[in-house]
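Each value in this text was obtained by applying a stated rule to the coordinates, not by laboratory testing. The shown structure was predicted, so the numbers you read here are calculated from the model rather than taken from an experiment. Note: ideal-geometry Cβ built from the backbone for every residue, glycine included; neighbour counts use all protein chains shown.
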Amino acid sequence: SQQGEEDPQALSIQEGENATMNCSYKTSINNLQWYRQNSGRGLVHLILIRSNEREKHSGRLRVTLDTSKKSSSLLITASRAADTASYFCATVLHSGYSTLTFGKGTMLLVSP
Amino acid sequence: KAGVTQTPRYLIKTRGQQVTLSCSPISGHRSVSWYQQTPGQGLQFLFEYFSETQRNKGNFPGRFSGRQFSNSRSEMNVSTLELGDSALYLCASSVSTGDETQYFGPGTRLLVL
């Protein structure tokens, strides 16, 4: 069963604009991660935020986590055409295990 | 360092057959996990192996099995294939179990006819 649910399911923006994707989950987590997938290929790890953290940055990426609302958001600033991909949030429920529980993903299209 | 490799990349089988997929983790990584990705169900966890032991198993029927060898390479096997087994099968490796950054391979795309 899916732990996370991303919103929106699809997002279309112009290069240079910011893209925000949201993720909600159902149970307590150890950490939450965001992955990118280009056109049915393997997943690329983007960023990890632990349950005791509220915000994290990595380059053009900014992730927030609200454990009281069981939600997270991924912000990509100054989007580029190369950011076109599907983005997934994944939760790790228990420390000591690698098991990721994924949401259904957001498809992002960045037009030049 | 070479990334996670998966073989074969594409596979076509017919119902009732069995299939074996292979995954070679990044050198030095001892944990391997498998995921199935379909349009309907999304990404679902199959199993996790560490030091040749299955540490965790997802909610899949017994037709799905796997193993890990002493060199950390892993295989998964699906017996008596069904049409619904058509999917992208992804392998991920990490240094150790519980290590939180996982590195995914390109996947094996299986089509069952």
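Can you compute the modelled spin-label distance between B:PHE69 and A:THR27, with each label point 7 Å from Cα toward Cβ, in nm? Calculated label separation equals 3.5 nm.
Seen from B:PHE45, the other residues with C-beta closer than 12 Å to its C-beta sum to a net charge of +1, counting Lys and Arg as +1 and Asp and Glu as -1.
Once the C-beta distance of A:GLU17 and B:THR101 is scaled by a Förster radius of 35 Å, the resulting FRET efficiency is 0.75 to the nearest 0.05. Roughly how many Å is it from the Cα centre of the range A:21-50 to that of the range B:96-113, as a whole number? If we compute the Cα centre of each part, the gap is 14 Å. Specify the longest stretch of chain B that does not include any exposed loop site, a site being one of the GluC sites (Glu not before Pro) with a non-H, G, I, E, B DSSP assignment and at most 13 other Cβ atoms within 10 Å. With a cap of 13 other Cβ atoms within 10 Å, the longest stretch comes to B:1-51. Look at the alpha carbon pairs under 8 Å that are at least 6 residues apart: their mean separation over the length of chain B gives a relative contact order of 37 percent.
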